[in-house]
Amino acid sequence: MPMKGPQNAYPNIQVSFLRGAGDIGRDPTYFLPEIVRELQPRLPDYGFAVLIYTLHPESRGFIKLKSRNPLVKPLINPNMFSQPIDVSKLIS
């Protein structure tokens, strides 16, 4: 679906290909060694994954502090796909 206005010169969709079904695009040192030992036998040596996402979503989320205490995790609501136009961009 083309965008109206000056933004129509930019793509709306990003497609990423991952080389293996278990490849999540992170550095192998990202996980703790205990997690790697647990996951490694379960990861196939074959396959691929395709990720498709919008670059200019209309949906807006928010981040709010729950407390003044810096050890309390903030409230994060990405509010993804709250605008129907975001879904139509992906399936058109």
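Just a few scattered comments:
- Number of positions in the stretch 42-73 that are more than 30 Å from residue 85 (Cα to Cα) and at pLDDT below 90: 6
- Residue in the stretch 75-92 that is of a type in the set (Asp, Glu), assigned to a helix (DSSP H, G or I) and at pLDDT 75 or above present: yes
- Taken as a whole, the condition of being at pLDDT 75 or above and either in contact with a helix residue (DSSP H, G or I) (Cβ under 8 Å, 6 or more places away or on another chain) or farther than 20 Å from residue 10 by Cα (or both) does not apply to residue 28.
The values are calculated or read from the model by the stated rules, or taken from the named source; none is laboratory data. Here the structure is a predicted model, which means the values were calculated and not measured. Note: ideal-geometry Cβ built from the backbone for every residue, glycine included; neighbour counts use all protein chains shown.
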